[in-house]
Amino acid sequence: MRRRSWTRSIAVLITAAACWGIAPAAFAAPPAPAEMPDLRCDPGDRSCDTDNDRIPDAVEQVVCGSATCATGTEDVDGDGVPDWVEYLASGATDGVDPAADRDKDGMPDYTERLTCGTDTCATGREDVDGDGVRDWAEIVICGDTTCATGDEDYDGDGVADHQQLQACVVYDRSSWWDQVNRLATTGWGGWLLALIAAALVGGGYWVARRARAIRAAKLAENESADDLVDASGSQA
Ligand SMILES: [Ca+2]
Ligand SMILES: [Ca+2]
Ligand SMILES: [Ca+2]
Ligand SMILES: [Ca+2]
């Protein structure tokens with residue numbers, strides 16, 4: 001299978017920028033898309049994807065005019081989301097706003113739509129290939145839910161793209177464990193767990209010392225009482 005060069009997509013940067021609230025003002029939520037037929041192909045299905053490059057024949061036909069001509073880099077509106085991904089998500093090669101996020105959970109609408117069918121259905125934990133890179137992040141990085149290796153690092157800062165993207169996710173149920181998971185994607189989860197562990201160990205040590213001190217005090221008190229009894233017995 002040929003490797004597509006758009007793996008290092010600027011969509012990663014756009015999504016990260018939107019995540020931190022610095023999306024350009026021009027990005028406004030588009031109207032809800034009409035229900036789309038699922039044009040995606042199963043991997044290796046040559047009846048749907050003749051050249052086996054993950055871009056369905058029907059989509060290549062729209063993007064460039066034949067069933068096998070698309071490179072995956074076509075981006076007619078220059079927004080970092082390849083035409084074929086926009087077409088799968090919206091039915092048009094310029095139908096996606098990479099910063100639109102209706103439910104404000106950090107995952108752009110088009111990634112949720114391609115993950116589970118609507119703009120707001122993803123939990124942020126979907127990972128169809130079980131490689132640790134969440135489906136929606138794989139879509140941002142390279143276009144579908146199984147294409148990323150997990151090593152992509154568009155801005156070269158040493159933090160993998162999927163980790164930076166996952167740090168955007170605001171989970172529906174904000175349990176403490178979700179918060180740790182969120183911090184873990186930015187490198188702070190390990191520190192938080194270490195602090196909790198240190199607090200537990202320190203607390204356990206303090207409780208043990210306190211219990212020993214109480215036992216020793218009671219022992220001393222009992223011995224003192226015994227001494228008094230012995231003394232009074234001798235005097236009698
Ligand atoms: Ca194809
Ligand atoms: Ca585009
Ligand atoms: Ca969303
Ligand atoms: Ca995955």
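Any read-out appearing in this document is the output of simple, stated calculations on the displayed coordinates, not a laboratory observation. None of these values were measured; they are calculated from a predicted model. Cβ sites come from the backbone with ideal geometry, for glycine too, and all protein chains shown count toward neighbours.
General observations
- Efficiency of FRET between Trp206 and Arg46 - r from beta-carbon atoms, R0 45 angstrom, step 0.05: 0.10
- Charge dipole magnitude, Cβ of K and R +1, D and E -1 - region 1-172, Cα centre, debye nearest 20: 100
- Stokes-Einstein diffusion coefficient of region 188-236, Kirkwood radius over Cα pairs, 10 °C, 1.306 mPa s, in µm²/s: 114
- Subtracting the Cα-Cα distance of Leu195 and Ala217 from their residue separation scaled by 0.36 nm leaves 4.7 nm.
- For region 1-172: Kirkwood Rh in Å [reciprocal of mean 1/r, alpha carbons]: 15.9
- Packing-based order for 211-222, 113-124, 44-55, using average beta carbon neighbours within 10 Å, highest first: 113-124, 44-55, 211-222
- Amide N proximity, region 68-111 versus Arg125 label position 7 Å along Cα-to-Cβ, cut-off under 16 Å: none
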